[in-house]
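The structure under discussion appears below in the form of structure tokens.
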2 protein chains.
Amino acid sequence: MDEPFDSPALLFDLDGTLIDSVYQHVLAWYEALQSMGFLLAVWRIHRRIGMSGGLLAQALGREIGQRVTHQQAEELQKRHAAAFLKYQNEIQPLPGAADLLATLREAGIPWAIATSGRREAAAPALEKLGVLSADPVITRQEVHRAKPDPDLFLAAAKRLRVPVSRAMVVGDSVWDLLAARRAGCLGVGVLSGGYGREELQQVGAYRVYQDPADMLAHLDEIGIRRDE
Amino acid sequence: MDEPFDSPALLFDLDGTLIDSVYQHVLAWYEALQSMGFLLAVWRIHRRIGMSGGLLAQALGREIGQRVTHQQAEELQKRHAAAFLKYQNEIQPLPGAADLLATLREAGIPWAIATSGRREAAAPALEKLGVLSADPVITRQEVHRAKPDPDLFLAAAKRLRVPVSRAMVVGDSVWDLLAARRAGCLGVGVLSGGYGREELQQVGAYRVYQDPADMLAHLDEIGIRRDE
């Protein structure tokens, strides 16, 4: 009899996927932009969240029809980080997120977190999620390019020592799912970042769950067995 | 030769359709809920915006799995209004919104605004949009039930003295489009409230534009002629 096929490894996005922080990030960007005289509709910012901060600043500039200089992009990112601070305390893990990670840890299913955010920005969220120092977390600083480039997920699979074809990406944004396809991973979507189901399916999510709790209740659907 | 068919009349939702305020309303509800010990993921609040405040409070309670008493619903609405105040100054009309209304006014195309919000909550937005005191605006107080009931749109058509079958509803949420169908109006969606295109099409939007500016550039597509 052949060896059983290895269980998938899961590579999680952080904001909007495990932690309920997308809308606060959106308004922090809106406030940062407004403070520098850039006016952009809020929903357009929402649809860019999950990209690297530098790329997001450039993309937002293009939407406004103004070139954003490298210096302005740096300043925008600083102001976004400052504006986000006031929301920090109200931010909570998404339902089921801590349970999902603990369940996978107990079952010996390899998983990692791969975020476009910086390590210091991610730290409070990781603490709220009960992520341990031994759990693998890849942040912006550890790769050359963040999402929608595949580097974060490739680095995460490498850290787990699993072939990338065995890894599945779980994310709330089209940028996660685009990066997943570029990396050669299957993609699972969650609605908890505020995208519509069809938007996520259209960019390649083969399953879409409401949030981590819904995904935890349906782990068997993505090929994860806990009963062995 | 037959008389030409009358031009459509347009019935606009306010928040997310003409004014860029949805995300701020979402976080104001989140903060109000959190202050009363109710924890609900932000995206689920987003998907309820546009309903009447009372219905929204009940619906949110159901999502949490707790019954919200009438008194708690009242208190929630008060705290939402208080939390929203701090965002008031940053809120701007959506691109093209003031132009669109002015264009329709000049062309003699009948239009009205019909919002689930209360008159006093709507006032700052109406001022920013250049809405005149003679322009018809229907608010929560003037009907028995707000969206997704059709009362607001029926009242708006009546105020314009046009048959409701001649009216088209323009809105950003599935509640607008559901109320439109119940009233017997065609529905036009806009993405500026943060719903995905397919979500709006699925509930009956026969056209979806990015925002009021995009709609203004394509008025001919919905049967409005300005050259006569």
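Determine whether A:Ala28 is outside the structural domain of A:Asp135 (by TED's automatic domain parsing) and surrounded by fewer than 21 Cβ atoms within 10 Å (Cβ to Cβ). It is false that A:Ala28 is outside the structural domain of A:Asp135 (by TED's automatic domain parsing) and surrounded by fewer than 21 Cβ atoms within 10 Å (Cβ to Cβ). Residues that are under 18 Å from the mean Cα position of the chain (by Cα) and among the small types (Gly, Ala, Ser) within the range B:97-116 comprise B:Ala97, B:Ala98, B:Ala112, B:Ala114, B:Ser116, listed in sequence order. Selection of first residues in the range B:37-61 that are within 22 Å of A:His25 (Cβ to Cβ) and within 9 Å of another protein chain (Cβ to nearest Cβ) and of second residues that are assigned to a loop (DSSP other than H, G, I, E, B) and small (Gly, Ala, Ser), restricted to Cβ pairs under 6 Å at least 6 apart or on distinct chains, gives the following pairs, ordered by first then second residue: B:Trp43/A:Gly194; B:His46/A:Gly194. The residue that is farthest from A:Ala114 (Cα to Cα), among those in the range A:11-36 that are facing chain B (nearest Cβ under 8 Å) and of a type in the set (Val, Ile, Thr), is A:Val26.
This table checks each residue for (1) farther than 18 Å from B:Leu10 by Cα; (2) crowded, with 24+ Cβ neighbours inside 10 Å; (3) touching an Asp or Glu at 6+ places or on another chain (Cβ under 7 Å).
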position: B:Gln88; (1), (2), (3): yes, no, no
position: B:Ile109; (1), (2), (3): no, no, no
position: B:Leu132; (1), (2), (3): no, no, no
position: B:His144; (1), (2), (3): yes, no, yes
position: B:Pro148; (1), (2), (3): no, no, no
position: B:Trp175; (1), (2), (3): no, yes, no
position: B:Gly194; (1), (2), (3): yes, yes, no
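Taking the criterion of being among the polar types (S, T, N, Q) and part of a helix (DSSP H, G or I), the residues of the range A:80-101 that qualify are A:Gln88, A:Asn89. Among the residues making up the range B:172-228, those that are part of a loop (DSSP other than H, G, I, E, B), among the charged types (D, E, K, R) and at pLDDT below 95 are B:Arg225, B:Arg226, B:Asp227, B:Glu228. Summed over the range B:32-79, residues that are surrounded by fewer than 18 Cβ atoms within 10 Å (Cβ to Cβ), among the basic types (Lys, Arg) and assigned to a loop (DSSP other than H, G, I, E, B) total 1. Cβ-Cβ contacts under 9 Å between residues 6 or more apart (or on different chains), taken from a first residue in the range A:203-224 that is closer than 9 Å to A:Gly189 by Cα to a second residue that is surrounded by fewer than 16 Cβ atoms within 10 Å (Cβ to Cβ) and of a type in the set (Gly, Ala, Ser), are listed as A:Tyr209/A:Ala217.
A count restricted to the range A:117-130 and to residues that are surrounded by 20 or more Cβ atoms within 10 Å (Cβ to Cβ) and either outside the structural domain of A:Ala98 (by TED's automatic domain parsing) or closer than 17 Å to A:Gln77 by Cβ (or both) stands at 3. Annotation for the range B:77-86: at least one member residue is more than 30 Å from A:Tyr209 (Cβ to Cβ) and within 11 Å of another protein chain (Cβ to nearest Cβ). Counting only residues that are in contact (Cβ under 8 Å) with a residue 60 or more places away in the chain and either within 14 Å of chain B (Cβ to nearest Cβ) or not in a loop (DSSP other than H, G, I, E, B) (or both), the range A:153-171 holds 10 of them.
In the range A:127-150, which residue that is touching a residue at least 24 places away in the same chain (Cβ under 8 Å) and part of a helix (DSSP H, G or I) is farthest from A:Leu101 (Cα to Cα)? Here the answer is A:Arg140. Could you list, in sequence order, all residues of the range B:5-31 that are among the small types (Gly, Ala, Ser) and at pLDDT below 95? If the condition is that a residue be among the small types (Gly, Ala, Ser) and at pLDDT below 95, then B:Ser7 is the only one that fits.
The values are calculated or read from the model by the stated rules, or taken from the named source; none is laboratory data. Note that the structure is predicted; figures quoted are calculated from it, not measured. Reconstructed Cβ throughout: ideal geometry from the backbone, glycine too, with neighbour counts over all protein chains shown.
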